[in-house]
1. How much net charge surrounds Cys8 when only the other residues with a Cβ under 12 Å from the Cβ of Cys8 are counted, with Lys and Arg +1 and Asp and Glu -1?
2. Would you calculate a helix-derived [θ] at 222 nm for the chain, using -39,500 (n - 2.57) for each DSSP H run of n ≥ 4 and dividing by the full residue count, to the nearest 500?
3. Would you please give the residues with an amide H less than 5 Å from that of Lys25, counting only those at least 5 places away or on a separate chain, with H modeled from the backbone geometry?
4. Scan around Arg49 for amide H atoms under 5 Å from its own, H built in the peptide plane at 1.01 Å from N, and keep only partners 5 or more places away or cross-chain.
5. Can you tell me the 0 to 90 degree angle between the C-alpha axis of helix 53-65 and the longest principal axis of the chain, rounded to 10?
Amino acid sequence: MEKNLQTCLVTRHSQFPTVCIYCDKQILPNDLHYVEKGIETHIHSLIARKYCEECYKKYGEQLLLRDIKK
C-alpha cells in the first residue's frame, strides 16, 4: 500500500461540533472549515483531517498538509 497519499483541502460547513487538528480550536456547527480530501483515492470522513478557517488563512494549504505542527 502506498503511504504518500495525495490530498487537497475542500471547504465545508460543519454539521456537528469538531476540533481543528492543527490548533485544537473547536469548530462549531455551521462554521466554515477545511477538510482533507484524497485527489485519486477516497479518504473516509472519519480519518480526514479538519482545519479551522483561521489556520487555513494563517498557514495555507501546503503547510497544513505537510503535517508540521507549529
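1. Details: positive: Lys37, Arg49; negative: Glu36, Glu40, Glu61.
Local charge sum for Cys8: -1.
2. Details: 1 runs with 13 residues, N = 70.
When only DSSP H runs of four or more count, the value is -6000 deg cm²/dmol.
3. Cys20
4. Glu36
5. 10
We did not get these values from a lab; they are worked out from the coordinates using the rules stated. Given the structure is predicted, the values throughout are model-derived calculations rather than measurements. Using ideal geometry, Cβ is built from the backbone for each residue, glycine included, and neighbour counts are taken over all protein chains shown.
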